[in-house]
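Engineer: If you scroll down you'll find the structure; I have some questions about it.
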Amino acid sequence: MSILPIYFIGQCLALDEHPSFREKIIAQFSDPGYDWNSFIWTGSNHLVLPAIYLKLRKHDLLGYLPEVLAHHLEEIHSLNHARNEQILLQVRAINGTLNAAGISPIYLKGTGNLIDGIYEDAGERIIGDIDFLVPEKDYLAAAELFKNEGYTLCHPIDAPVEQAKHYPRLWKEDVTADLEIHRLVVPQRYTKHFSAELVQGSKKAVTSYPGCYVLSDDHKVILNFIHSQLANAGHALGVVSLRDVYDLYRFSKKVDLQQVSKVAPFRRQCISWLKISEMLLDLPDSFYPGETIRSRLYRFKHDLVTTSSLVYKGNRFKWVLSEGKQFVARWITESFSNSTLRRENLNKIFSPAWHWRNLKIGLLLIKNGKS
C-alpha cells in the first residue's frame, strides 16, 4: 500500500541522508497507477517543488518521471532560481538604503536563510516577500525611507501601525519582492518568550552582505517553530508545511535540535514539531530522541486532518471561533486602556464594510487555511 503523498515527498527531501530511499522512490515512480497529480499538487501546495527537483536531479531520478513532468520541475526551479537571484540583488539595495540612514536590518525567514547560505542552491527555497527586523526606534523611519524610494502600500491602512508586528506590506512595480518591515519578530502574544531585543542581542553578521544581519542559528529554529506551529496555528490544527520542515532539516546541519528544544518556549509543542518533522522525513530520532504522548497524539491528528477534509475544516472552524473569542477579549481590554484605540474600535463597530470584510476573512480561513 502506498504511503501518503506528504510522507513520500518527505522521503524525497531526505534522500541525502538515506540513499536507500532511491529504490523506494524508483518503485513508486514505476508504478503504472501512481497518482502523479497528487504528487505535484502536494509538492506545490507545500512550496517544495524546487527542492524536490534538486534532490531528484542529484540522485539521478529525473529519468523515472514522465518527460513533461521532469521539464516542468526544471522550469519551476529555473524560474525560482532567477527570482531568488533578483531578491539577493534587492537585498543589497535595501541594505544600502538602510545603512545610509544608520539602520542595520536583521533578515528573517526565507530571505535570511538564503543570504546566510542555509541552502545548497539559490533556487531551492520559494520566498514570498522580504522580511526584516529593525530597531523599534527606526521602525517608522525605515518605512518612510522606502516610501520615498517609490514603494507603496499593498492595502490601505485600517489599524494603527505603531503597535503592529510589522508595517503593512510595501510593494514597488520594478522590484521582485514586497517588503515587510518588522518591529517584532513574532506576534505580540509570544514576545515575552521571543522578543526583538533577544534576537538583536545574538544576531549574526553576514560577511558577504556588509551592513546586514540574520538570526543566530538557534533563533532560526525557534522562529521556524513559532511561525509554523503557534502563530500560524499548525499545532492547534495538526497542519505541517513541508517547506518549514525542510528548513528545519537544513538547520539541523548547523545546530543540535535537541539542545535548542531545551531552551525553546512551549517546549512540549516544540518537541512534537521536531518529532512530526522526523516522521515526515523518515529520519526517526534524528532531531529528538524517543517519543512523548503529546507527539504521538499530534502525529495522529496530523494524519487525520491530512486524509479527511471534513476533520480539517471542523478543526479550523473551532480554531476560528477560539481566535474570535481571544480577539474580542483583547479588543475590550485595549478599548478600556487606550482612548485612541477606543474611538477607532467604536468606529469599526458601526462600519458595515469592516464587519463584511472580517466575515469574508473568517470564511476564507475556515476553507483554505492561514498562510
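The values are calculated or read from the model by the stated rules, or taken from the named source; none is laboratory data. Please read all numbers here as calculations on a predicted model, not as lab measurements. Here the Cβ positions follow ideal geometry from the backbone for every residue, glycine too, while neighbour counts run over all protein chains shown.
Engineer: Could you tell me which residue of segment 144-187 is nearest to residue 223 (Cα to Cα), considering only residues that are of a type in the set (Ser, Thr, Tyr) and not in a strand (DSSP E or B)?
Structural biologist: For segment 144-187, the residue satisfying everything is 167.
Engineer: Looking only at residues in segment 1-16 that are exposed (fewer than 15 other Cβ atoms within 10 Å of the Cβ) and either among the β-branched types (Val, Ile, Thr) or modelled with pLDDT of 90 or more (or both), which one is farthest from the chain's Cα centre (by Cα)?
Structural biologist: Across segment 1-16, the extreme among qualifying residues is 3.
Engineer: Sticking with this one: Looking at segment 262-311 only, could you name the residues that are free of Cβ contacts under 8 Å to residues at least 60 places away in the same chain, in contact with a Phe, Trp or Tyr (Cβ under 7 Å, 6 or more places away or on another chain) and assigned to a helix (DSSP H, G or I)?
Structural biologist: 270, 271, 272, 273, 274, 275, 276, 277, 278
Engineer: Sticking with this structure for a sec: Output yes when any residue across segment 128-148 is at pLDDT below 95 and under 22 Å from the mean Cα position of the chain (by Cα), and no when none is.
Structural biologist: The answer is yes; a qualifying residue exists.
Engineer: Looking at this structure, is residue 199 closer than 22 Å to residue 184 by Cβ, in contact (Cβ under 8 Å) with a residue 40 or more places away in the chain, assigned to a helix (DSSP H, G or I) and of a type in the set (Val, Ile, Thr)?
Structural biologist: Yes; evaluated as a whole, the condition is true for this residue.
Engineer: Let me spell it out: the conditions are (1) modelled with pLDDT under 95; (2) surrounded by 15 or more Cβ atoms within 10 Å (Cβ to Cβ), and residue 47 meets all of them except one. Which number is the exception?
Structural biologist: Of the numbered conditions (1) modelled with pLDDT under 95; (2) surrounded by 15 or more Cβ atoms within 10 Å (Cβ to Cβ), the odd one out for residue 47 is (1).
Engineer: In segment 225-267, which residues are in contact with a Lys or Arg (Cβ under 8 Å, 6 or more places away or on another chain), under 22 Å from residue 133 (Cα atoms) and polar (S, T, N, Q)?
Structural biologist: 232
Engineer: Within segment 229-236, is even one residue more than 25 Å from residue 304 (Cβ to Cβ), of a type outside the set (Lys, Arg), surrounded by fewer than 21 Cβ atoms within 10 Å (Cβ to Cβ) and touching a Phe, Trp or Tyr at 6+ places or on another chain (Cβ under 6 Å)?
Structural biologist: Looking for residues that are more than 25 Å from residue 304 (Cβ to Cβ), of a type outside the set (Lys, Arg), surrounded by fewer than 21 Cβ atoms within 10 Å (Cβ to Cβ) and touching a Phe, Trp or Tyr at 6+ places or on another chain (Cβ under 6 Å), one finds none in segment 229-236, hence no.
Engineer: Before we move on, is residue 83 at pLDDT 95 or above and part of a helix (DSSP H, G or I)?
Structural biologist: The answer is yes for residue 83.
Engineer: Residue 223: buried (at least 23 other Cβ atoms within 10 Å of the Cβ), over 21 Å from residue 289 (Cα atoms) and either of a type in the set (Lys, Arg) or at pLDDT 95 or above (or both), yes or no?
Structural biologist: No: the conditions fail for residue 223.
Engineer: Any residue in segment 86-95 that is surrounded by fewer than 16 Cβ atoms within 10 Å (Cβ to Cβ) and outside any helix (DSSP H, G or I)?
Structural biologist: No, every residue in segment 86-95 fails to be surrounded by fewer than 16 Cβ atoms within 10 Å (Cβ to Cβ) and outside any helix (DSSP H, G or I).
Engineer: Let me ask something else about it. Has segment 112-130 got any residue that is free of Cβ contacts under 8 Å to residues at least 12 places away in the same chain and not β-branched (Val, Ile, Thr)?
Structural biologist: Checked against the condition, which is being free of Cβ contacts under 8 Å to residues at least 12 places away in the same chain and not β-branched (Val, Ile, Thr), segment 112-130 yields at least one hit.
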